Amino acid sequence: MFFDIYNKKKGQIMNKIVLYFGLLVFFLSIIIFSQQDLQIHEVLLRATAIFIVITIMLSVMAIVFLKAINKASMEKDKHYNENNLIGNNPNE
């Protein structure tokens with residue numbers, strides 16, 4: 001299986017990707033908001049809010065995506081195991 005939701009190492013990689021993308025958006029939003037002549041606390045507050053929203057959204061999307069892939073692969077494995085057991089065919 002390419003994506004395994006229970007594999008801790010792959011889960012950690014997915015969390016790092018989400019966190020790094022959130023940090024990228026955070027720093028880009030700091031640059032964008034600072035060019036709009038806002039005060040520094042306003043810039044940091046808005047950038048932090050965007051960071052939190054983006055990170056939570058991406059985390060939820062990653063969890064849903066991984067669970068869907070895991071469910072589909074489990075159904076394939078179940079179907080494969082039910083039809084290919086020794087002794088299931090009438091000629092065995």
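Just so it is clear, none of the values below were taken in a lab; they were calculated from the coordinates. These numbers come from a predicted model, not from an experiment. Heads up, the Cβs are rebuilt from the backbone with ideal geometry, glycines too, and the neighbour counts pull from every protein chain shown.
Relative contact order of region 8-80, taken over Cα pairs closer than 8 Å and 6 or more residues apart, is 35 percent.
Computed from label points 7 Å out along Cα-Cβ, the spacing between K71 and I32 is 3.3 nm. Per-residue extension of 0.36 nm, minus the Cα-Cα distance of I13 and L44, leaves a gain of 8.4 nm for this segment.
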